[in-house]
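A.B. asks: There's a structure below that I have some questions on.
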Amino acid sequence: MRIALIVTRVNSYLGAPHYVASLARALAVEHDVTVFSTEFRGLDGQSVKHRQIKGFGTGTLFDRTFSLDSAAKLSEARLSGSENFDVVNSHHYGTAFVSNVVTSHYCEQEGVRRMRFNAPGLGSELTGEKLLSLAKAQIENALFGPMTTTNLIVLSEAMKREFIGHHQTPSHRIFVVHSGVDQTRFSPANVPLYRDVTRRRHSLDPNEPVVLFVGADWERKGLAQAIEALSRLHKREAKLLVLGRGEVRMYRKIAVERGVGDRVIFAGQRESQEYYAAADVFLLPTQYEAFGLSILEAMATGLPVVVSRSAGASELLRDGHDALLLEATL
């Protein structure tokens, strides 16, 4: 088959971009795959083809320009006959109208419901992001309401229930496909390769306990709660290593206020397999996570995981056996 995948970005370190990179690579083993995106990293451009898409500015301006240009490029390919796709799979709501199937990586309406209140110490500094989420929730409702004819892929059974509950999306239009892990990239074999060098990078002793937190959107994923938990640990030498991009200034202030300013390390945005290998425990006390691919990546590397039941991946785990599952409170 000839398959088109539409996504804003493709890379190896962010949620949906990483997911699509892995999906494209796997599909390309047996199919002809073309990715439409603004960024194209982690793929060779040969086994998976690429069509460059323009996206200007940030927020809604970026979404609108990306949607218009990707729709134009897709139509151009179809009209020219050069790429007559059998399946067009969009990972961006703005291009749902030109797609056969849409993959949702997040239920915006559920995210809005769960984020009614700010995490401790954050005040109202993220109000702009909340307003953007509200706008996206309205678009989501228009796309996947009771009369939709769009086929929708979601990442967990919990997400399926959320779309049915919030938008009355017809059940027969929703297909659950759990995320998977590339075990050639995430493996216990990474530990001897990366543990010591990654710890030295951040001046961590070889044997001191390190708790790893991975992801962006730190308010939703519970970084404030992770810092609070660190402050209550009896083992005062434990460090919290934060991997991903976010409002460092705000969270560094929270860490200082909790008395753990010197025990929280912000590593920025880097290749995650090196950091799973350097850690002793993975922690994700998220308030809402459609799935949580980082949970499975940590487990594939051999880490014990402590995660919220609000992560979709928790439906695959048994408390006390595969993981320690936390109850999220709204």
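The values are calculated or read from the model by the stated rules, or taken from the named source; none is laboratory data. Only a predicted model underlies this, so the values are computations on that prediction, with no experimental measurement involved. Note that each Cβ is placed from the backbone with ideal geometry, even for glycine, and that neighbours are counted across all protein chains shown.
A.B. asks: Could you say which residue among Gly145, Gly180 is over 19 Å from the mean Cα position of the chain (by Cα) and on the phi < 0 side of the Ramachandran plot?
C.D. replies: After ruling out the rest, the residue left standing is Gly145.
A.B. asks: If you don't mind, there's one more thing I want to ask. Has the stretch 109-117 got any residue that is at pLDDT 90 or above and farther than 22 Å from Arg2 by Cβ?
C.D. replies: Taking every residue of the stretch 109-117 in turn, at least one turns out to be at pLDDT 90 or above and farther than 22 Å from Arg2 by Cβ.
A.B. asks: Within the stretch 219-233, can one find any residue that is more than 23 Å from the chain's Cα centre (by Cα) and either over 21 Å from Leu324 (Cβ atoms) or in the same structural domain as Pro17 (by TED's automatic domain parsing) (or both)?
C.D. replies: No, the stretch 219-233 contains no residue that is more than 23 Å from the chain's Cα centre (by Cα) and either over 21 Å from Leu324 (Cβ atoms) or in the same structural domain as Pro17 (by TED's automatic domain parsing) (or both).
A.B. asks: Suppose we filter the stretch 178-232 for residues that are surrounded by 14 or more Cβ atoms within 10 Å (Cβ to Cβ), β-branched (Val, Ile, Thr) and more than 28 Å from Lys160 (Cα to Cα); how many remain?
C.D. replies: 5
A.B. asks: Val154 passes all but one of (1) surrounded by fewer than 16 Cβ atoms within 10 Å (Cβ to Cβ); (2) in contact with a helix residue (DSSP H, G or I) (Cβ under 6 Å, 6 or more places away or on another chain); (3) closer than 21 Å to Arg220 by Cα; which number fails?
C.D. replies: With (1) surrounded by fewer than 16 Cβ atoms within 10 Å (Cβ to Cβ); (2) in contact with a helix residue (DSSP H, G or I) (Cβ under 6 Å, 6 or more places away or on another chain); (3) closer than 21 Å to Arg220 by Cα applied to Val154, the lone miss is (1).
A.B. asks: Any residue that is crowded, with 24+ Cβ neighbours inside 10 Å and under 14 Å from the mean Cα position of the chain (by Cα) - is there at least one of those in the stretch 277-285?
C.D. replies: Looking for residues that are crowded, with 24+ Cβ neighbours inside 10 Å and under 14 Å from the mean Cα position of the chain (by Cα), one finds at least one in the stretch 277-285, hence yes.
A.B. asks: Somewhere in the stretch 148-155, is a residue among the hydroxyl-bearing types (Ser, Thr, Tyr) and at pLDDT 95 or above?
C.D. replies: No, the stretch 148-155 contains no residue that is among the hydroxyl-bearing types (Ser, Thr, Tyr) and at pLDDT 95 or above.
A.B. asks: Looking at the stretch 309-318, which of its residues are surrounded by 24 or more Cβ atoms within 10 Å (Cβ to Cβ) and in contact (Cβ under 8 Å) with a residue 24 or more places away in the chain?
C.D. replies: Once the filter is applied, which keeps residues that are surrounded by 24 or more Cβ atoms within 10 Å (Cβ to Cβ) and in contact (Cβ under 8 Å) with a residue 24 or more places away in the chain, the stretch 309-318 yields Ser310, Ala311, Gly312, Ala313.
A.B. asks: Right, next: For Val256, are the conditions met, namely being more than 19 Å from the chain's Cα centre (by Cα), touching a residue at least 24 places away in the same chain (Cβ under 8 Å) and more than 30 Å from Glu157 (Cα to Cα)?
C.D. replies: For Val256, the condition - more than 19 Å from the chain's Cα centre (by Cα), touching a residue at least 24 places away in the same chain (Cβ under 8 Å) and more than 30 Å from Glu157 (Cα to Cα) - is not met.
A.B. asks: Name the one entry in Glu83, Glu76 that is more than 22 Å from the chain's Cα centre (by Cα), in a loop (DSSP other than H, G, I, E, B) and charged (D, E, K, R).
C.D. replies: It is Glu83.
A.B. asks: Consider the stretch 1-48. How many of its residues are small (Gly, Ala, Ser) and without any contact (Cβ under 8 Å) to a residue 40 or more places away in the chain?
C.D. replies: 8
A.B. asks: Collect the residues in the stretch 15-34 that are crowded, with 20+ Cβ neighbours inside 10 Å and either farther than 16 Å from Glu297 by Cβ or not small (Gly, Ala, Ser) (or both), keeping them in residue-number order.
C.D. replies: Those that are crowded, with 20+ Cβ neighbours inside 10 Å and either farther than 16 Å from Glu297 by Cβ or not small (Gly, Ala, Ser) (or both): Pro17, His18, Tyr19, Val20, Leu23, Ala24, Val33, Thr34.
A.B. asks: Check the stretch 56-69 and report whether any residue there is of a type in the set (A, V, I, L, M) and touching a residue at least 12 places away in the same chain (Cβ under 8 Å).
C.D. replies: No, every residue in the stretch 56-69 fails to be of a type in the set (A, V, I, L, M) and touching a residue at least 12 places away in the same chain (Cβ under 8 Å).
A.B. asks: Hey, can you tell me all the residues within the stretch 141-192 that are among the hydroxyl-bearing types (Ser, Thr, Tyr) and under 19 Å from Ala313 (Cα atoms)?
C.D. replies: If the condition is that a residue be among the hydroxyl-bearing types (Ser, Thr, Tyr) and under 19 Å from Ala313 (Cα atoms), then Ser156, Ser179, Ser187 are the ones that fit.
A.B. asks: Something else now. From Leu43, Leu5, grab the single residue that is under 16 Å from Thr184 (Cβ atoms) and surrounded by 18 or more Cβ atoms within 10 Å (Cβ to Cβ).
C.D. replies: Leu43
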